[in-house]
Amino acid sequence: MTTKPASTLLLLCVLAHPVGASIAGAGGQQSAVVTPDGSVWTWGANAHGQLGLPGPDGVEVPTAIGGLTGVSSVAVGDGFVLARRADGTLWSWGRNDLGQLGDGTTADRFSPAAIPGLSNVVHVAAGPAHAVAVLADGSVWTWGANDWGQLGDGSTAARPTPAVVTGVAGAVRGAAGLRHSAIVTSAGAVWAWGGNLDGEIGDGTTIAAPAPVQVRGLTDVTRLALGDGFSVAVRSDGSVLSWGLNGRGQLGNGAGPIGTAVPTALALAGVAEVVAGPDFVLALLGDGTVAAWGANDESQLGDGTQADRASPILVPGLSGIVALAAGEAHGLAISNTGEVWTWGRNSEGQLGDGTFDPRSTPIRIAEAGFNWRVGAPRFDLPEGTYEAVLDVLVTVATPGATIHYTLDGTEPTESSDVVVSGSTVQVDVSATLTARALKSGSPSSPITMAEYELKVPTPEANPPGR
């Protein structure tokens, strides 16, 4: 028997997920990843239980949800998560004030539970506060927020339990935005419903659609992503069309702030998948690279700037990518070897690197094989000039990690001094505090460094001159 290299085995495991399965998800301030063994790892904010972990404290490094196995894909909304298991059941947890968990209640939940009455689910999508599920028979089910008619039931009343959407059939994929929802049929057509203030329904009007309407002129569609007031579709030939709001360049057509109520082609080819945040888009290209466009005030496009982009640009440093996710203002990418990359806003630890520092370009938080890196050490005092001896509090988010440090700016090693997480390092002269966290069996953390300049006042003689 021939033994395959570990990298080949991992590639097969990654690709073992069902075609089109969303093995990564990002919501408002949290992230989630499905690993090849069917477990779910989450990190970021947890005020509503959206990490599936005891809360409400957040977690700044990826943490496995206990008791949840056999997961094939995830969809992440604003404070809640939906997980589709390989047996076709759908599980949910997190925020539930509008019934977005589909369990018939409006109570938040900190641990996963199956949604009653749903089986044979083949695809699920989450908007900020509602969900769209597609079943194996091609039917479409919705629940949660409905203030714009995004549930497609002709009303604007929120609903805490799933109900079938009438007027559509043969669905294979769903999508959910802020005010609207849509599905792709097996024939490649797109149907949409809900709010239409900016033409996001794509029927050439700005009139709300309380029931599904077919998007004008779209054929051969395979992928669909919805944001806040706009939509993006990918055809089988890799071409991309978009419609709706364009104030931040989220349509990617180079037309500045001018929107459109009908699908318009982008100058972009070879696209395999698209995901959308509120006002930006990430596109996976067939060669494994990633393009991005739209809002970029928090570096959610990952290009090292904070300049909005009205046309697609390549995200630097990414290759071999097979899955993407977009949160409120951060991005996530997974490679074909199981590396995980994140970038953008990090106010709640949603980047998973152990810090709250924003990142303008992608950082790697897992090495090949979904081998999560130890979280970077954090200092409670920013670098700068001080006029007193400092006691710098040093912490690390990864349980069981050991923090090694130096005060001369050199790279810490296993033989360097150790500080216990939650303890202080005294800086009594100008120094460069450098720290790295290590844990057996895990890749070491990134280095954290801060330059402290001390200008301690010299005591004056009293009386002067004596």
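The values are calculated or read from the model by the stated rules, or taken from the named source; none is laboratory data. Since the structure is predicted, the reported quantities are computational estimates derived from the model, not experimental observations. Cβ atoms come from the backbone with ideal geometry, glycine included; neighbour counts cover every protein chain shown. Please note that ligands, DNA and RNA were not included when accessible areas were found on the heavy atoms of the full protein model with its side chains. Shrake-Rupley method; radii C 1.70, N 1.55, O 1.52, S 1.80 Å.
The figure for I403 is an accessible area of roughly 0 square angstrom, using a 1.4 Å probe on the protein chains alone.
Charge dipole (Cα centre; +1 on Lys/Arg Cβ, -1 on Asp/Glu Cβ; no other charges) of the stretch 51-130 amounts to roughly 240 debye.
Dipole size of the chain about its Cα centre, with +1 on Lys/Arg Cβ and -1 on Asp/Glu Cβ: approximately 1180 debye, rounded to the nearest 20.
Looking at the chain, which longest stretch skips every one of the GluC sites (Glu not before Pro) that is in a DSSP loop with at most 10 other Cβ atoms within 10 Å, leaving the sites themselves out? Before the final figure, lay out the partial values.
On the way: sites that count: E387, E414, E460.
Maximal segment without exposed cleavage sites: 1-386.
Taking the three principal axes of the alpha carbon atoms in the stretch 393-452, the coordinate ranges are 35, 21, 17 Å, sorted in descending order. Annotation note: chymotrypsin sites (Phe, Trp or Tyr not before Pro) in the stretch 366-466 located in DSSP loop regions with a Cβ neighbour count of at most 12 within 10 Å are absent. Remark: relative contact order (the chain) = 10 percent; criterion is Cα-Cα distance under 8 angstrom and separation of 6 or more residues. Accessible surface calculations at 1.4 Å, restricted to protein heavy atoms, place the chain at 39 Å² per residue.
Report, to two decimal places, the Cα Rg of the stretch 200-252 normalised by 2.2 N^0.38 Å (N = number of residues). The partial results should precede the final answer.
Details: Rg = 11.2 Å, N = 53, 2.2 N^0.38 = 9.9 Å.
The value comes to 1.12.
Averaging Cα coordinates gives a centre for the stretch 348-398 and one for the stretch 15-94; these two points are 23 Å apart.
Note on A169 and A136: the model spin-label points, each 7 Å out from Cα along the C-beta direction, lie 1.9 nm apart.
Only protein heavy atoms count here; on that basis, with a 1.4 Å probe, D37 has an accessible area of about 120 Å². Can you give the angle from 0 to 90° between the axis of helix 6-15 and the longest principal axis of the chain, with both taken from C-alpha atoms, to the nearest 10? It works out to around 40 degrees. Sorting the segments 257-263, 392-398 by their residues' average number of neighbouring beta-carbon atoms within 10 angstrom, most packed first, yields 392-398, 257-263.
A full extension of the chain between F110 and A211 corresponds to an added length of 33.0 nm, given 0.36 nm per residue minus the alpha carbon distance.
Across the stretch 340-459, Cα pairs under 8 Å and at least six residues apart give a relative contact order of 25 percent. When the Cα positions of V271, P358, G294 are compared along the charge dipole of the stretch 238-396, V271 comes out farthest toward the positive end, with charges on each C-beta of Lys, Arg, Asp and Glu. When Rg and Dmax are taken over the Cα atoms of the stretch 88-236, they come to 14.2, 43 Å.
So for the stretch 64-118, Kirkwood radius off the Cα pairs, Stokes-Einstein at 20 °C and 1.002 mPa s: how many µm² s⁻¹?
Values: Rh = 11.2 Å.
Once the numbers are plugged in, D ends up at 192 µm²/s.
The convex hull defined by the C-alpha atoms of the stretch 17-75 has an orientation-averaged projected area of 3.8 nm².
First compute the accessible area of the chain with a 1.4 Å probe, then give the percent of it belonging to carbon and sulfur atoms. Write down the numbers at each step before the final one.
Details: 9730 of 18090 Å².
For the chain, the apolar C and S fraction of the accessible surface comes to 54 percent.
The coefficient of translational diffusion for the stretch 180-273, derived via Stokes-Einstein from the alpha carbon Kirkwood radius under 20 °C and 1.002 mPa s, stands at 168 µm²/s.
Per the Kirkwood treatment, what hydrodynamic radius in Å, one decimal, follows for the stretch 273-410 from the mean inverse distance over all distinct Cα pairs?
Details: mean 1/r = 0.0618 Å⁻¹.
Evaluated on the stretch 273-410, it is 16.2 Å.
With only the Cα atoms considered, the chain has a convex hull volume of 175 Å³ per residue. Among 188-196, 146-154, sorting by the average number of other beta carbon atoms lying within 10 angstrom of each residue, highest first, gives 188-196, 146-154.
What order, most packed first, do the peptides 302-310, 98-106, 134-142 have when packing is the mean number of other Cβ atoms within 10 Å of each residue? Walk me through the numbers before you get to the answer.
On the way: 302-310: 17.6, 98-106: 21.7, 134-142: 19.6.
Highest mean packing first, the order is 98-106, 134-142, 302-310.
A viscosity of 0.890 mPa s and a temperature of 25 °C, combined with the Kirkwood radius over C-alpha pairs in the Stokes-Einstein formula, give the stretch 21-149 a diffusion coefficient of 175 µm²/s.
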